[in-house]
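Scroll down for the structure; my scribbles are underneath it.
Nothing in this text is a laboratory measurement; each read-out follows from the coordinates by a stated rule. Because the structure is a prediction, the values reported are computed rather than measured. Every residue, glycine among them, receives a Cβ derived from its backbone with ideal geometry; neighbour counts consider all protein chains shown.
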Amino acid sequence: MSSDYDATEFIDSDFATRKLPRPPALVGTGTNQRAPSREEVDAKVLEAQQKLSELKRAQEELERERSALEETRRRQAEFQTGREEMVQSLTRGLGLLEEAEFRARRDAEQMAKTLGDFRETLGKIQSVNEETWTKDNFSVELTRALTSLENGRMEWNAARLKFPLLCGKPTESALAPMQPSLTSAAPFGPQSFGELCRVGFALTWPLALVGLAALGILTALLLRH
């Protein structure tokens, strides 16, 4: 074993032969980097301002687009809400108006029928001519006239129950909806006891008159014999 130390044994010949890369050349002469000139700084500032302006324009364009989208979304929501409200309101309105139209048509038909009955009864009462009565047909004609008069009174009382306008009561409309449950179940319910007595008397006294007239005729026939 040799005791002599050889320094060349730890040297890599390949590493020694490779050259290290040179650093990039600095601006200007010598090893110091050159400071930027005023023109270069101004150019950099102008370039930065241009980029900021472009970014600002892009931001403004995005803001306008966002505002337009939000307005479109608001209008769509307004349309959806408004359509649902109008569908519900119109559906409910159709049902109410159809029911009111049905009641009004029914009341108009009843009123038209009552008007026809009034005209017919009025014509019968006005056609009674007492001057044509004779001694022989006096009782019969009087009974017939009283019957026509009582029929007219019954129609009048029935019409007053159907149409409060005939009683002079204020109503919102001449075709105000009636209450069929009250009129059909208890037609004489709103009347007082005195009015009920008068109505009952009005319904029964023609029969009494007819009976009296028949009794008078029978008595006259008996007296002739």
- Message: As an exercise, take the mean of 1/r over every pair of distinct alpha carbons in segment 44-127, invert it, and state the Kirkwood radius in angstroms.
- Response: 19.8 Å
- Task: Calculate, in nm to one decimal, what ALA77 and GLU60 gain on full extension: separation in residues at 0.36 nm each, minus their alpha carbon distance.
- Result: 3.6 nm
- Message: Give me the net charge for the shell around ARG105: Cβ to Cβ below 12 angstrom, other residues only, Lys and Arg +1, Asp and Glu -1.
- Response: -3
- Alpha-carbon centroid distance for the pair segment 31-57 / segment 81-148, whole angstrom: 99 Å
